[in-house]
1. Of the peptides B:107-113, A:448-454, A:67-73, how do they stack up when ordered by the mean number of other Cβ atoms within 10 Å, highest first?
2. Report the equivalent ellipsoid semi-axes for segment A:202-300 in whole Å, largest first, defined as the square roots of five times the eigenvalues of the gyration tensor built from alpha carbon atoms.
3. Just to be sure I understand the model, the point goes 7 Å from the Cα along the line to the Cβ. What's the resulting A:Leu250 to A:Arg130 distance in nm?
4. When the convex hull of the Cα atoms of segment B:42-183 is projected onto a plane and the area is averaged over all directions, what value comes out in nm²?
5. Ignore the peptide's own chain and count Cβ atoms of other chains within 10 Å of each Cβ in B:103-111; give me the average, rounded.
6. Under the definition of partner shielding as Cβ atoms of other protein chains within 10 Å of a residue Cβ, what is the mean value for peptide A:289-298?
7. Can you give me the distance in nm between label points at A:Asp217 and B:Ala69, each placed 7 Å from the Cα along the Cα-to-Cβ direction?
8. Give the share of C-alpha pairs in each 5 angstrom bin for segment B:1-99, from 0 to the last occupied bin, in whole percents, shortest bins first.
Amino acid sequence: MSRNRFKFRHSSAFRLALQLSGIFLISLILMAGIAYFQSEKEIRKRAYRDLQDLQKSFLTVSQTQGIDRLQQQIEFLSMGAKSGETLYYLTGPDNQFLAGNVNKIPLFDGRRDIPLSQIELKMKVRGDVRKYFSLGLKIGDGHLILGRSDYEVEEIGEVILNAFFAGFGISLFLTLFVAFLSAYRVNMRIKRIESGLIQASQGDLSIRIPEGTSEDDINLITQKINRMLEQLQATVESLRQVSADMAHELKTPLQRLYQELEELAEQSDLPKQSAVRVNKAFKEANTLIETFQALLRISQLESGERRQGFKDLNVTHLLTNIAEIYAPVAEDEGHQLSLDLAIADDLTIYGDFGLLTQLLANLIENSVTHCKTPCKINLGAKQEGKNLIISVTDTGPGIPSAEREKVFERLYRLEKSRTTAGTGLGLSLVKAIADLHGCQITLEDHQPGLGVFLSFA
Amino acid sequence: MKILLIEDDKDTSAYIQKGLQTEGFSVDCIADGHDGLLTAAGGHHDLIIVDRMLPGMEGISIVKTLRGANVNTPILMLTALGGVNDRVDGLQAGADDYLTKPFSFAELAARCNALLRRPPISQEITQLRVGDLELNLVTRRVTRAGQLLLLMPREFQLLEYLMRNTGKVLTRTMLLEAVWDINFDPRTNVVETHMSRLRGKVDAPFETKLIHTVRHVGYVLEQK
């Protein structure tokens with residue numbers, strides 16, 4: 001059954017797991033962000049502290065030993081600072097370059113984060129650097145600029161990002177795995193409940209859904225459903241018993257009525273007028289019996305008992321047999337019955353041969369009796385996806401769309417056919433047989449005429 | 001011919017007894033299931049008619065017990081239930097035929113006759129013959145007065161059933177069950193239609209008619 005195929009995205013357990021994964025992802029992102037900003041803050045604090053110490057010592061040098069000595073010291077340091085981790089830049093009057101490992105850098109007084117793009121370094125920067133934490137100071141007529149690269153921040157960012165992806169990947173895998181597993185298990189249990197309910201709705205009230213040992217919500221529902229089924233079964237059983245008793249009680253008087261009428265009809269000394277009336281009464285008794293029989297049959301079909309006799313049936317054989325029986329009947333009534341098979345010869349359905357024969361016979365007989373003018377009746381079978389569609393179509397008067405659903409109701413008859421013979425139970429019987437086979441039945445306008453379509457899953 | 005009738009409804013029982021006696025049978029009536037079983041087991045009857053619902057013991061159990069005890073007397077089962085499963089249950093239990101109440105006496109009589117004169121199953125027949133009509137079960141050829149008749153498969157089956165029961169009245173219901181496997185009452189003239197086609201081939205071209213209509217009951221094939 002394709003419509004029952006397990007879809008993870010429709011499972012509530014899977015959805016919950018997905019939502020949890022989402023929440024986990026968001027919190028992971030937040031955590032990573034916080035860690036990143038915290039570490040950047042810490043690194044910056046350290047960088048400025050280092051730069052401040054450096055600046056302080058340079059200032060002491062320039063104050064005690066003069067700017068030339070400072071220039072010498074910076075030149076010496078710049079030569080060693082090849083990695084670009086630390087920047088030195090000293091200018092004299094008119095901002096003329098005195099010493100440092102930088103060609104060009106904005107001059108300022110105080111603290112500033114200077115992006116790499118605004119700096120022209122004398123060497124290649126090693127590592128991933130985006131900006132320099134910089135400290136500027138006016139010394140005499142010039143400036144002393146010191147800088148420290150942020151490569152540590154980038155490095156830590158990378159570490160955090162890697163950890164984030166690894167963590168998220170692993171947790172996503174784990175949550176999805178657990179989600180699939182629990183969704184699958186929950187779904188299996190729900191499916192058991194579902195199939196039990198379907199079987200019950202098809203009339204088998206003796207079905208019970210297997211109960212697990214745990215005390216979870218699904219099990220509680222399962223237990224409730226089973227209790228409900230028990231009660232329903234008991235109710236239906238007692239109803240059926242009453243019907244069976246009633247049937248028995250009614251049939252005996254019906255049999256006697258029949259006997260009386262039969263004996264009366266055989267009396268040769270009956271006045272002609274009486275004989276006619278006895279015959280009429282005989283006919284009425286027959287209709288009574290027929291209606292009674294059909295009602296009994298329908299209620300027995302609805303109980304689902306008959307399903308025990310189901311077998312795999314060859315569809316071609318079933319339809320050919322019906323066509324063989326009814327083609328001459330239709331012909332005698334002036335109609336034409338054709339068989340139109342578009343299915344594999346060995347296609348089978350699971351069902352009851354006698355009942356399906358009766359179902360199709362009923363539909364064809366409806367066409368034969370309700371079509372007053374010669375018409376074409378077609379019995380067809382085709383495959384539509386996984387479903388087998390058996391159809392009975394005619395070119396007769398059809399059924400008004402407003403009445404199409406009602407014709408399946410017991411004892412319902414179209415206004416125009418009330419005068420003709422019949423119990424009004426034919427289509428109810430058809431519906432009961434179709435339901436027993438889990439078959440969808442639809443009536444369609446065949447323009448002109450009626451199309452009855454039976455869809456077997 | 002002795003018939004045992006096990007039926008608890010007095011009116012029905014009297015009606016069947018009277019009817020069957022008129023047909024020339026001798027009928028023993030028993031109302032209780034247990035007594036019925038004991039009498040039937042005696043094996044002094046040619047046919048047993050048993051109601052499905054009985055005081056003492058159910059009809060189905062009686063049939064099962066009899067068959068289990070190797071009593072092979074033909075059994076016709078009657079039922080007031082008339083549900084779809086009852087027929088199958090009855091036949092599976094070992095009844096030879098099944099009739100739903102209410103029924104007409106003609107139907108009952110026809111079925112009794114068919115059961116009583118049923119030939120032993122072991123006997124292999126390859127050829128059926130009534131007058132100048134011959135039906136070969138092996139070659140599936142049908143001839144009349146030496147002339148080959150071309151029959152459709154179902155017409156052949158219908159004729160075979162009629163010929164196997166030559167001289168016996170076969171009701172519409174019996175024909176529907178035996179030839180078309182139909183266990184419901186069709187609203188159209190299924191039997192009449194097929195019968196008239198068969199007659200068109202078997203009887204129409206010839207002077208002597210073999211298939212006869214029995215009004216209100218059914219058909220019989222015989223040379224009168």
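Any read-out appearing in this document is the output of simple, stated calculations on the displayed coordinates, not a laboratory observation. Note that the coordinates shown come from a computational prediction; the quantities given were computed from them, not determined experimentally. Heads up, the Cβs are rebuilt from the backbone with ideal geometry, glycines too, and the neighbour counts pull from every protein chain shown.
1. B:107-113, A:448-454, A:67-73
2. In descending order, the three semi-axes are 53, 10, 7 Å.
3. Reported label-point gap for A:Leu250 and A:Arg130 is 8.7 nm.
4. Mean projected area of the Cα convex hull: 10.0 nm².
5. 2
6. Mean inter-chain Cβ contacts per residue within 10 Å come to 3.
7. Using points 7 Å along Cα→Cβ, the separation is 6.3 nm.
8. 3, 15, 27, 27, 19, 8, 1
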